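Inspection log for the structure reproduced underneath, given as structure tokens.
The values are calculated or read from the model by the stated rules, or taken from the named source; none is laboratory data. From a predicted model like this one, the values you see are computed outputs, not experimental measurements. Cβ: placed from backbone, ideal geometry, glycine included. Neighbour counts: every protein chain shown. With ligands, DNA and RNA removed, areas are computed over all heavy atoms of the protein, side chains included. Shrake-Rupley method; radii C 1.70, N 1.55, O 1.52, S 1.80 Å.
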Amino acid sequence: MKSFQEKSCPQCSLPKLKTWEELTDEQKFLVERLPLNTGFTLEERKKHLFCPRCWFEKISDENQSC
Ligand SMILES: [Zn+2]
């Protein structure tokens, strides 16, 4: 089982990263402008978790299947 720890920010230790759905429209706008250039589409990034404090973007492994 994955622990709640996985949802804390590794950069600023904020205990609650947010999903795309939890972001406000303004925050979504900011996220879209984040300088993340790793080849993810916006659709992919909507599955990530975001830190509303330092804007760390956590890439979820949720979609990995065995
Ligand atoms: Zn953070």
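Among the residues of the stretch 11-24, the one identified as part of a helix (DSSP H, G or I) and open to solvent by 90 Å² or more (accessible area, probe 1.4 Å) is Glu21. Condition check: modelled with pLDDT of 90 or more and on the phi > 0 side of the Ramachandran plot. Does Trp20 satisfy that? No; evaluated as a whole, the condition is false for this residue.
Which residue pairs have Cβ atoms under 7 Å apart, sit 6 or more places apart or on different chains, and have a first residue in the stretch 9-25 that is without any contact (Cβ under 8 Å) to a residue 40 or more places away in the chain and a second that is among the hydroxyl-bearing types (Ser, Thr, Tyr)? Close Cβ pairs (under 7 Å, with a partner that is among the hydroxyl-bearing types (Ser, Thr, Tyr)) amount to Pro15/Ser8.
For (1) exposed (fewer than 12 other Cβ atoms within 10 Å of the Cβ); (2) under 13 Å from the mean Cα position of the chain (by Cα); (3) in a helix (DSSP H, G or I); (4) at pLDDT 90 or above, each residue gets a yes or a no:
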| site | (1), (2), (3), (4) |
| --- | --- |
| Cys9 | no, yes, no, yes |
| Glu26 | yes, no, yes, yes |
| Pro35 | yes, no, no, no |
| Gly39 | yes, no, no, no |
| Trp55 | no, yes, no, yes |
